[in-house]
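**Student:** Here you go, one structure.
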Amino acid sequence: MRKKRMLREYRKSRDWTLEQAASKFKLSLSYLSELETEVAPMTLAAAKKIEAATKGELSAIALLGLKVRA
């Protein structure tokens, strides 16, 4: 799943506004908006903040579009 869809679906499934999600993820509103619309690239720092805020429901690896080797 693409990060845009992952972030937006997660946020909407909790009925969070963009402002609420930005606050919970400790990201700026504008940056979160840019992530959701894929204007800005996902950074490792942002992915880690989101992973921590979601208690691992959204993993940094998935947000960065990486695959884990078995």
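**Student:** For the stretch 1-28, which residues satisfy the criterion of being closer than 13 Å to Leu63 by Cβ and open to solvent by 60 Å² or more (accessible area, probe 1.4 Å)?
**Tutor:** Met1, Arg2, Lys4, Arg5, Arg8, Glu9
**Student:** Now, a different point. Starting from the stretch 48-70, take each residue that is farther than 12 Å from Lys26 by Cβ and of a type in the set (Gly, Ala, Ser) and list its partners that are open to solvent by 100 Å² or more (accessible area, probe 1.4 Å) and part of a helix (DSSP H, G or I), counting only C-beta distances under 7 angstrom and pairs at least six apart or across chains.
**Tutor:** Here the result reads Ala60/Lys48, each pair linking the stretch 48-70 to a residue that is open to solvent by 100 Å² or more (accessible area, probe 1.4 Å) and part of a helix (DSSP H, G or I).
**Student:** Identify, by number, the condition in (1) in a helix (DSSP H, G or I); (2) open to solvent by 80 Å² or more (accessible area, probe 1.4 Å); (3) not hydrophobic (A, V, I, L, M, F, W, C) that Arg69 doesn't meet.
**Tutor:** (1)
**Student:** How about the stretch 29-56: which of its residues are loosely packed, with under 12 Cβ neighbours inside 10 Å and not in a helix (DSSP H, G or I)?
**Tutor:** Hits for the stretch 29-56 are Thr37, Val39, Pro41, Lys55, Gly56.
The values are calculated or read from the model by the stated rules, or taken from the named source; none is laboratory data. Bear in mind the structure is a predicted one, so any value in this text is a computation, not a measurement. Note that we place each Cβ from the backbone using ideal geometry, even for glycine, and neighbour counts take in every protein chain shown. Protein only, heavy atoms only, side chains kept; ligands, DNA and RNA dropped before computing areas. Shrake-Rupley method; radii C 1.70, N 1.55, O 1.52, S 1.80 Å.
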